[in-house]
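Colleague: Sharing a structure below in structure tokens format, with a few things to ask.
Rule-based calculations on the coordinates, nothing more; no lab input. From a predicted model like this one, the values you see are computed outputs, not experimental measurements. Every residue, glycine among them, receives a Cβ derived from its backbone with ideal geometry; neighbour counts consider all protein chains shown.
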Amino acid sequence: MKRENIDQLVKVEYHQAENCPLKDIQFSFFQIVYVISGKGAFTINNNLASYSKGSLILLTPNDQHYLEIEEKTELLLVKFSERYVKDYKWNNINSIGCLLYGASYLSGCILQNKSDVVLVDSIVASLLHEINHPDIYQEELTLHYVNALIVIAARNISKLRAENIGSNTDKRIVEIIDYIQGNIHDPGLLKVSVISQKFGLSETYLGSYFKNHSGETITHYILNYKLRLIEHRLLFSDMRINEIVTEFGFSDESHLNKFFKKQHQMSLTEFKRNKGLSKSKV
């Protein structure tokens with residue numbers, strides 16, 4: 001399977017196709033796909049979902065996907081790197097990259113908030129205008145439009161997750177999960193005692209409450225979520241192990257390796273080498 005990278009932090013492209021131009025390709029970046037016209041189906045990680053005019057789809061790094069085009073399709077592709085998401089100073093949104101990665105568990109159009117439809121249409125029209133009428137400060141304007149689109153995507157993913165929990169469920173579980181994901185890089189803020197105090201719950205009640213609503217213990221959820229992010233850093237980024245150590249608050253490389261080996265029964269380098277070989281055979 002081929003792997004495609006982008007040579008810049010953000011890239012916006014217009015495409016028109018009658019058959020799928022993207023087959024057997026894996027991307028190392030995020031991609032927001034807006035359907036300007038046409039219809040068909042998207043297969044994302046073996047999940048099939050139809051698309052039509054106005055569909056907004058978010059692809060995360062390493063997603064396996066392709067289009068089944070039924071009707072000539074126009075697409076606006078907004079590509080942006082994980083590094084861009086991580087380094088940009090987002091106001092009031094902790095770890096927006098973690099939230100965006102939630103799209104890998106969704107399929108189809110993420111644009112479910114009706115009030116955002118008008119905003120997205122306006123942003124897409126503006127991006128198309130910039131493509132067709134280049135002028136000075138084009139890059140600066142494009143970045144503003146792209147940032148707005150990223151925030152809208154994050155907002156819709158957050159709301160979709162709340163809806164998936166169920167209308168009869170206490171939405172506080174969503175706030176707790178948002179807190180965990182937003183502070184996954186700070187071990188001190190992930191202590192059960194700190195989380196329980198943050199949400200005004202006893203440690204015992206928090207434990208039973210979280211397990212009843214999510215199906216797993218809060219400690220297990222934190223461990224698995226952190227582990228998935230570390231796996232992704234190892235396989236699909238150019239980060240060095242000492243950078244991962246710093247990002248996730250481990251004391252040193254030995255500490256990180258011990259944590260990882262306990263879960264995978266192999267070291268960081270063994271995991272990276274073995275998974276790298278299996279990908280090259282796909």
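Colleague: Could you check the simple spin-label distance between residue 185 and residue 136, using points 7 Å along Cα→Cβ, in nm with one decimal?
Modeller: With each label placed 7 Å out from Cα toward Cβ, I get 3.6 nm.
Colleague: Another question about this same structure. Compare the Cα positions of 80, 230, 49 along the charge dipole of the chain (+1 at Cβ of Lys, Arg; -1 at Cβ of Asp, Glu; about the Cα centre) and return the one farthest towards the positive end.
Modeller: 230
Colleague: By how many degrees, 0 to 90 and rounded to 10, does the Cα axis of helix 203-214 deviate from the longest principal axis of the chain?
Modeller: For 203-214 against the chain, the angle is about 40 degrees.
Colleague: Using only the alpha-carbon atoms of the chain as identical scatterers, what base-10 log of I(q)/I(0) does the Debye formula give at q = 0.10, 0.11, 0.17 Å⁻¹?
Modeller: For the chain, the Cα-only Debye profile gives -0.60, -0.72, -1.49.
Colleague: Okay, next question. What ranking, highest mean first, results for peptides 257-263, 138-144 when packing means the other Cβ atoms within 10 Å averaged over each residue?
Modeller: Averaged packing, sorted descending, gives the order 257-263, 138-144.
Colleague: What is the gain in length, in nm to one decimal, between residue 171 and residue 114 on full extension, counting 0.36 nm per residue of separation less the C-alpha to C-alpha distance?
Modeller: Taking residue 171 through residue 114 to full extension adds about 18.5 nm, to one decimal.
Colleague: Here is a follow-up. Calculate one ³J(HN,Hα) per residue across segment 74-90 by plugging θ = phi - 60° into the Karplus curve 6.51 cos²θ - 1.76 cosθ + 1.60, and present them in order as whole Hz with x for glycine and proline.
Modeller: 10, 10, 10, 9, 10, 9, 8, 7, 4, 4, 5, 4, 6, 8, 5, 8, 7
Colleague: Can you pull the three principal axis extents for the Cα set of segment 225-265, in Å, largest first?
Modeller: 23, 19, 15
Colleague: When ranked by the protection proxy of mean other Cβ atoms within 10 Å per residue, highest first, what sequence do the peptides 54-63, 4-13 form?
Modeller: Result, highest mean first: 54-63, 4-13.
Colleague: Using the basic label-point model (7 angstrom from Cα toward the beta carbon), what is the residue 66 to residue 198 distance in nanometres?
Modeller: In this crude label model, residue 66 to residue 198 measures out at 4.2 nm.
Colleague: Still on this structure, please answer the following. Near the amide H of residue 26, under 5 Å away, which other amide H atoms are found, from residues 5 or more places off or on another chain, if H is placed in the peptide plane?
Modeller: Result for residue 26 returns 2, 3, 4.
Colleague: Can you give the FRET efficiency to the nearest 0.05 for residue 252 and residue 87, using r as the Cβ-Cβ distance and R₀ = 30 Å?
Modeller: 0.80
Colleague: Next question. Apply 1/(1 + (r/R0)^6) to the Cβ-Cβ distance of residue 50 and residue 217, taking R0 = 45 Å, and write down the FRET efficiency to the nearest 0.05.
Modeller: 0.75
Colleague: On to the next question. Filter the chymotrypsin sites (Phe, Trp or Tyr not before Pro) in segment 188-241 down to the DSSP loop ones having no more than 16 other Cβ atoms within 10 Å, then list what survives.
Modeller: 199
Colleague: On a 0 to 90 degree scale, rounded to 10, what angle separates helix 172-182 from the longest Cα axis of the chain?
Modeller: 80 degrees
Colleague: Now, a different point. Give me the distance in nm between label points sitting 7 Å out from Cα along the Cα-to-Cβ direction at residue 205 and residue 270, one decimal.
Modeller: Each label point lies 7 Å from its Cα, and together they span 4.5 nm.
Colleague: Rounded to the nearest 20 debye, what is the charge dipole size of the chain about its Cα centre when +1 sits on each Lys and Arg Cβ and -1 on each Asp and Glu Cβ?
Modeller: 1000 debye
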